[in-house]
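Take a look at the structure set out below.
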Amino acid sequence: MIATVLRNLINNAVKFSHPDSEIHISLVSKTTSACISIKDSGTGMTERQVKAIRAGAASDISSAGTQGEKGSGLGLVICKDFLRRNGSHLVIESRNGEGTCMSFELNKVNF
C-alpha cells in the first residue's frame, strides 16, 4: 500500500511540474516514526482542490498536467485511504502556481 502511495505522489509531482524543474523527495527518521515528503515547484492547487482532496471528492480535483496529461483525481483518494489504513494521513501544502508538498508520517512498527 505504501509503495502505491509513493508511486502516485511522485507521479503527480512529475505530472504537475514544469519541464526542467526539480522534485524533492525526503525521508526524516524520528525515534518511532518516519516522515516522507514529496515537494514540487509546479502548478500547485487551488484551495478548492485541496479541500476536495481532504473531503475525498475525486471528481472536484481533476485537472490537466503541465503537458496536458489527464487524470481523474482518484489516485489521491486512494492514497488517503491507504495511509489511513496504515495509521497515517496525507498532509497537503499547496499554493496555486507555486507548487505542492505532500507528506505523511508512518510509525516505524509499520515498516
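The values are calculated or read from the model by the stated rules, or taken from the named source; none is laboratory data. Values in this document were obtained by computation on a predicted structure and should not be read as measured data. Neighbour counts are summed over all protein chains in view; Cβ atoms, including those assigned to glycine, are modelled from backbone coordinates with ideal geometry. When the accessible area is computed, the model is the full protein with side chains, heavy atoms only, and any ligands, DNA or RNA have been set aside. Shrake-Rupley method; radii C 1.70, N 1.55, O 1.52, S 1.80 Å.
Each residue, Asp81 and Lys108, gets one label point 7 Å from its Cα in the Cβ direction; the gap between the two is 3.2 nm.
Label separation (Arg48 vs Ser29): 4.4 nm, computed from points 7 Å beyond Cα along the C-beta direction.
Taking all protein chains together and a 1.4 Å probe, the residues Val28, Val77, Val109, Val50 rank Val109, Val28, Val77, Val50 from largest to smallest accessible area. Estimated at the nearest 10 Å², the accessible area of Arg7 is 130 Å² with a 1.4 Å probe.
FRET efficiency for the Ser21 to Val91 pair, using the beta carbon distance and R₀ = 25 Å, is estimated at 0.70.
Ordered by 1.4 Å accessible area with all protein chains kept, Ile78, Ile38 run largest first as Ile78, Ile38. For Thr43, the solvent-accessible surface computed with a 1.4 Å probe is close to 40 Å², ligands and nucleic acids excluded.
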